[in-house]
Amino acid sequence: MMASPLLRPSLHHFLSLRLLGTAAPRAVERLAEAPSQGFAADTLPVALTFEDPSAFRVKSFGELLRALGVFQLCSVPVLVNNCGKLMSVARTLLGKRGFALFLRPSVYAQFVAGESEGEITHSMEKMSSLGLRPMLAVPIEEDLGESTGERRYNDNLASMLECVDMSHSNAWSKDPMMQLKITALLSPELCVKLTTLLSEQQYDLDLLVRAMDGEPISFPGLQESENTHFLCGLQRLNKVGETSANKVRVLVDAEYTYMNPALSLVTMAMMKKFNQDGAWIWNTYQCYLKESRSLLLKDVHLSISESFCLGVKLVRGAYMDKERKLANSEGWSEPVHESWEHTNDSYNGSLDILLELISRDPQRYRIIVATHNEESVRRAVQRMGELGIDKDGGSVCFGQLLGMCDHVSLTLAQQGYLVYKSVPYGSVDNTLPYLVRRAQENRTVLQGIRKERDLLRLELHRRLRQGLRQGS
């Protein structure tokens, strides 16, 4: 029986025949096989020990107090683990207006840029004055059982296009970025089904590109209603790509392993269409997954074979607890690394591969080192120096969450590196589910902010002593 013309042989087979015999992929394989090397931290600027509270001198007294209060709450595991329930109770007791008044000056102000365009602009101008760049994030996403229909997805598309316009039309950043969750435009249920289908054979990227352009492709394995929704979703994503191309870099978030292959497929199709002359669409690689290195190398090879530029957002990952629980309940082998040390090795190894590729071809490859881990940040800085990668050339930048890890972000910016902060925005009601999920997913990060809290205290005490001296 002949294979369907709509499907291509597995990527592994394709690479073994077409790519692994060429010079570029052999170089990539050598990079992957090379052991992860240590680095000499004592050759870095003293500031990159991230021990100096003077990084916080740009913050107001009120901002210091707010951050200390919020971080103190975030250090209590029972509050973080039950924040969703606690906020629901508080909202019921205080009412919608009272709850918003309570949350706005505290947690909301720490982690969200604002709701109105004026509030967002004020936050972004403050960030820009500190040498930081915003990476706007529309707080919209869905998981299984939360699908809301085509009208809602079209409304989400309108929000995404507004985000593109806001990112591009303001002078906050010379090279604006935004985040995108595909499940805001395509149902999680379909992504799960596509993932199952992709475990048997891959869809051809050219077919997805043609579908994005409006061609009525019939994808094997999908029912008529699923196929229709897939076509609508691809055309929504195409609209984001067309609107952002050559204006705003769109960083597509990874989500759960039971849907990630479908998300990556769609992202690669967007790259094939929009990344011919530069990395405008980026994919995210979660290094807490055992397969992360092979997924990264596969996409490097794919970018070579399909002749598109590759943008990489490198993260450790935020869904570890749920991934482990799901694997245990289903009797699967755990997809995440057994230990923090293995995850660190995975992250640093993938980082080394990308930096080496960038040093050879900075126009084809780009990376955002999206981490709060100080060792990985120092490693990236060290390797950039060794490989001769310009700190402000644009091929390498750093990223942290708004309201967190400012001692790292501000220090890097003061040293001349490109630093982006992931910036959600919207009303309290719209951002609350997003904030709850981020708190629960990042609970280990939230509970490990002791150092930043201590540095904030040192700066606060310095100002109090200075005030007392001036008053005496």
Enumerated helices (runs of 4 or more DSSP H) restricted to segment 62-147, each holding at least 2 residues that are touching a strand residue (DSSP E or B) at 6+ places or on another chain (Cβ under 9 Å): 117-129
Pairs where the first residue, in segment 328-340, is under 14 Å from G317 (Cα atoms) and the second is assigned to a loop (DSSP other than H, G, I, E, B), C-beta under 8 Å, 6+ apart: P335/T257; P335/K290; P335/E291; V336/Y288; V336/K290; V336/G317; H337/Y288; H337/K290
Selection within segment 192-215 - farther than 26 Å from S307 by Cα and either crowded, with 18+ Cβ neighbours inside 10 Å or not hydrophobic (A, V, I, L, M, F, W, C) (or both): K193, T196
Residue count, segment 345-362 (criterion: open to solvent by 20 Å² or more (accessible area, probe 1.4 Å) and within 21 Å of the chain's Cα centre (by Cα)): 3
Extreme residue, farthest from V252 (Cα to Cα), among residues of segment 167-190 that are more than 19 Å from the chain's Cα centre (by Cα) and open to solvent by less than 30 Å² (accessible area, probe 1.4 Å): W172
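Table: residues versus (1) without any contact (Cβ under 8 Å) to a residue 12 or more places away in the chain; (2) aliphatic (A, V, I, L, M); (3) part of a strand (DSSP E or B); (4) open to solvent by less than 40 Å² (accessible area, probe 1.4 Å).
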residue	(1), (2), (3), (4)
Y285	no, no, yes, yes
S294	yes, no, no, no
K298	no, no, no, no
L302	no, yes, no, yes
K313	no, no, yes, yes
A318	no, yes, no, yes
L326	no, yes, no, no
Test: S218 is assigned to a helix (DSSP H, G or I) and either open to solvent by 30 Å² or more (accessible area, probe 1.4 Å) or not β-branched (V, I, T) (or both): no
Answer from L401, L387 - the residue that is under 15 Å from the mean Cα position of the chain (by Cα), open to solvent by 30 Å² or more (accessible area, probe 1.4 Å), within 21 Å of V312 (Cβ to Cβ) and among the hydrophobic types (A, V, I, L, M, F, W, C): L401
So F50, is it of a type in the set (F, W, Y) and either over 25 Å from G467 (Cα atoms) or open to solvent by 20 Å² or more (accessible area, probe 1.4 Å) (or both): yes
Only one of V396, V428, V436, V423 that is farther than 23 Å from N348 by Cα, buried (at least 24 other Cβ atoms within 10 Å of the Cβ) and among the β-branched types (V, I, T): V423
Where E375 falls short, out of the listed (1) touching a residue at least 40 places away in the same chain (Cβ under 8 Å); (2) of a type outside the set (S, T, N, Q); (3) open to solvent by 40 Å² or more (accessible area, probe 1.4 Å); (4) under 30 Å from Q110 (Cα atoms): (1)
Failed item, numbered, when H407 is tested on (1) at pLDDT 90 or above; (2) touching a strand residue (DSSP E or B) at 6+ places or on another chain (Cβ under 8 Å); (3) surrounded by 18 or more Cβ atoms within 10 Å (Cβ to Cβ): (2)
Residue pairs meeting the criteria (Cβ under 6 Å; at least 6 apart or on separate chains; first in contact (Cβ under 8 Å) with a residue 24 or more places away in the chain and within 17 Å of D175 (Cα to Cα), in segment 405-422; second open to solvent by 10 Å² or more (accessible area, probe 1.4 Å) and part of a helix (DSSP H, G or I)): V419/A413
Residues satisfying the stated conditions in segment 223-265, i.e. within 23 Å of S167 (Cα to Cα), assigned to a helix (DSSP H, G or I) and open to solvent by 20 Å² or more (accessible area, probe 1.4 Å): Q235, K239, E242, T243
Residue in segment 360-367 that is modelled with pLDDT under 95, out of contact with any strand residue (DSSP E or B) (no Cβ under 9 Å at 6 or more places or on another chain) and not hydrophobic (A, V, I, L, M, F, W, C) present: yes
Test: residue in segment 40-63 that is closer than 30 Å to L310 by Cβ and at pLDDT below 60: yes
Selection from segment 411-420 of residues that are surrounded by fewer than 23 Cβ atoms within 10 Å (Cβ to Cβ) and of a type in the set (A, V, I, L, M): A413
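The values are calculated or read from the model by the stated rules, or taken from the named source; none is laboratory data. These numbers come from a predicted model, not from an experiment. Positions of Cβ are generated from backbone atoms using ideal geometry, with glycine treated the same way; all protein chains shown enter the neighbour counts. The area values use the complete protein model at the heavy-atom level, side chains included, leaving out ligands, DNA and RNA. Shrake-Rupley method; radii C 1.70, N 1.55, O 1.52, S 1.80 Å.
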